[in-house]
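Have a look at the structure below before the remarks.
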Amino acid sequence: MDAVVPAIQLGVRKAWRRIEFGTREWWREYRRFVHEPPVPGEAWLEPEEVKAGEEVYLKLHFRAGPGGVGRYGHIAVETPFRDLKPLTSDTVLRARTPYFSASCTDPRPRLDVTFSDGIADVLIQGYPLREGEVVTLNFADPLGNPIRMPEVSMRYPFPVALDLDNSGRYRRIASFPVLEVTGGHPRCLYVVAPSVVRSGGPFQLRALALDGRDGNPSPGYSGKVRIICTDPKAEVPREVEVRDGKLLLSGVVLKTSGVHTLTLVDERDGLIGQSPPIGVDFFPEGWGAYFGDVHGHNEHCDGRGTIDEYYLWARDVRFLDFCALTNHVEGAKRLPVDDFWELDIAKANEYNFPGSFVTFVGFEWGGWTVWGDKCVYYLGEEGPYFPANEPDSDTPSKLFAKLEGMDAIAVP
């Protein structure tokens, strides 16, 4: 039996919006419904795997579970897309424009679609959605152009939530479909070597085949590459083979003081890559130059991807020496801080290998005022977080006072 709702609420379309202090209306719903029992229903994507940046007619299918979705209920889906125009009977089709539409295996429900702030929302009108019926969301509709897929290779979940009875309260389904985005055709070779070495001292040369999008690994590439070194006395093979898009070459030795480079060339496939400058006997003994990224967010905050994807990308794709995940801790993003802080700490320690790849436990203090943001890093295995929206840590001076005596670094 359909729920009884005030007539003024019937058929209200949903436009999701951004809210003050960098948060979103969808995140407020998400923070609530991830802790509540799921509602019946299942969803899947077609296709489930795509290449980064390619144009695809992507579909999400939702099958209603026991109880269905009531008349004037909603189906909402979070997407990685930001600009999709709903296709209606009044739409004037434009070239190179993807359109969002929805259809149902039961022709009786009328589907009213909106797309706002990356959220596709389908209003069920006229007739309820019964158990077993399937609603298909087209990203994009075949009458328009295909939509460009995300340009960063990772797994993109499509969270699905239902307002079953037009109450305005959305609840998640048990399992979200995931889009696997992989790297495309190789366009270049990414070459990394230590920036500082001693003459006669062996080191490792690393390389990856990357696509032409966002520098994603191109896992299907294999080929022979020629190595060109500016040090005529270097001990390095003239040719090596790259398998599965990766190269790890140990025992490279430079013997001439100065600044040198190593260039890899695949003449068959037209790929080339050059290492950054390598200083030989450039610094005093014991000194080195290291590169890292100490400011990043993931899906717990306002970024994307799991913590594992974050650290694996830094270590195995960008070949960084050190890294830190610095999610906001004010609770205005996707998840409350208590939901992820202990996991952030555990994962930072899991990926920390001093001498090889160093990680730091960290967070971002967000001032939302003239003070701006501050990043805090702990040099030990753990530490507390201090939000900018708490009275005892709502100014930089209060934050620094909290950190007094701790083994921590605060970047003003």
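State which residue is surrounded by the most Cβ atoms within 10 Å (Cβ to Cβ) when the search covers only the range 99-134 and only residues that are over 18 Å from residue 16 (Cβ atoms) and in contact (Cβ under 8 Å) with a residue 60 or more places away in the chain.
129
Going residue by residue through the range 194-201, is there one that turns out to be in a strand (DSSP E or B) and either in the same structural domain as residue 322 (by TED's automatic domain parsing) or of a type outside the set (Val, Ile, Thr) (or both)?
Within the range 194-201 (the criterion being in a strand (DSSP E or B) and either in the same structural domain as residue 322 (by TED's automatic domain parsing) or of a type outside the set (Val, Ile, Thr) (or both)), the answer is no, since none of the residues qualifies.
Which residue, of 165, 141, 214, is over 30 Å from residue 281 (Cα atoms), outside the structural domain of residue 56 (by TED's automatic domain parsing) and either of a type in the set (Phe, Trp, Tyr) or assigned to a loop (DSSP other than H, G, I, E, B) (or both)?
Unique residue meeting the criteria: 214.
Which residue pairs have Cβ atoms closer than 9 Å, lie 6 or more positions apart in sequence or on different chains, and pair a first residue in the range 139-168 that is among the basic types (Lys, Arg) with a second residue that is at pLDDT 90 or above and in a loop (DSSP other than H, G, I, E, B)?
Going by the 9 Å Cβ cut-off, the qualifying pairs are 148/53; 148/54; 148/81; 155/305; 155/306.
Among the residues of the range 101-114, what is the count of those that are in contact with a Lys or Arg (Cβ under 7 Å, 6 or more places away or on another chain) and assigned to a strand (DSSP E or B)?
Count: 2.
Across the range 257-275, what is the total count of residues that are farther than 15 Å from residue 228 by Cβ and in contact (Cβ under 8 Å) with a residue 40 or more places away in the chain?
Number satisfying all stated conditions: 3.
Just to be sure before I move on: is residue 253 touching a Cys at 6+ places or on another chain (Cβ under 7 Å), of a type outside the set (Lys, Arg) and surrounded by 12 or more Cβ atoms within 10 Å (Cβ to Cβ) in the structure I sent?
Criteria not met by residue 253.
For the range 358-369, check the following and say yes or no: at least one residue is of a type in the set (Asp, Glu) and either crowded, with 20+ Cβ neighbours inside 10 Å or farther than 24 Å from residue 183 by Cα (or both).
For the range 358-369, residues of a type in the set (Asp, Glu) and either crowded, with 20+ Cβ neighbours inside 10 Å or farther than 24 Å from residue 183 by Cα (or both): present.
Step by step: first the residues of the range 169-205, then only those that are small (Gly, Ala, Ser) and without any contact (Cβ under 8 Å) to a residue 60 or more places away in the chain, then the one that is nearest to residue 42 (Cα to Cα). Which residue is that?
Per the stated criteria, the residue is 201.
Residue-wise test of (1) out of contact with any helix residue (DSSP H, G or I) (no Cβ under 9 Å at 6 or more places or on another chain); (2) farther than 28 Å from residue 25 by Cβ; (3) touching a residue at least 24 places away in the same chain (Cβ under 8 Å); (4) not in a helix (DSSP H, G or I).
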{"site": "358", "(1), (2), (3), (4)": "yes, yes, yes, yes"}
{"site": "361", "(1), (2), (3), (4)": "no, yes, yes, yes"}
{"site": "365", "(1), (2), (3), (4)": "no, no, yes, yes"}
{"site": "383", "(1), (2), (3), (4)": "no, yes, yes, yes"}
{"site": "386", "(1), (2), (3), (4)": "no, no, yes, yes"}
{"site": "399", "(1), (2), (3), (4)": "no, yes, yes, no"}
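Hey, can you tell me all the residues within the range 115-134 that are within 34 Å of the chain's Cα centre (by Cα) and within 14 Å of residue 72 (Cα to Cα)?
121, 122, 123, 124, 129
Among all residue pairs at least 6 apart or on different chains, which show Cβ distances below 6 Å where the first residue, located in the range 309-323, is under 19 Å from residue 189 (Cβ atoms) and the second is of a type in the set (A, V, I, L, M) and crowded, with 18+ Cβ neighbours inside 10 Å?
Short answer, once both residue conditions are applied: 319/192; 320/314.
Have a look at 282, 319 and point out the one that is over 21 Å from the mean Cα position of the chain (by Cα), crowded, with 16+ Cβ neighbours inside 10 Å and not in a helix (DSSP H, G or I).
Of the residues listed, the single one that is over 21 Å from the mean Cα position of the chain (by Cα), crowded, with 16+ Cβ neighbours inside 10 Å and not in a helix (DSSP H, G or I) is 282.
It is to be established whether one or more residues within the range 204-225 are over 32 Å from the mean Cα position of the chain (by Cα) and within 27 Å of residue 292 (Cβ to Cβ).
no
The values are calculated or read from the model by the stated rules, or taken from the named source; none is laboratory data. Just so it is clear, the structure is predicted and the values come from calculations on it, not from any experiment. Glycine gets a Cβ as well: all are built from the backbone with ideal geometry, and neighbour counts include every protein chain shown.
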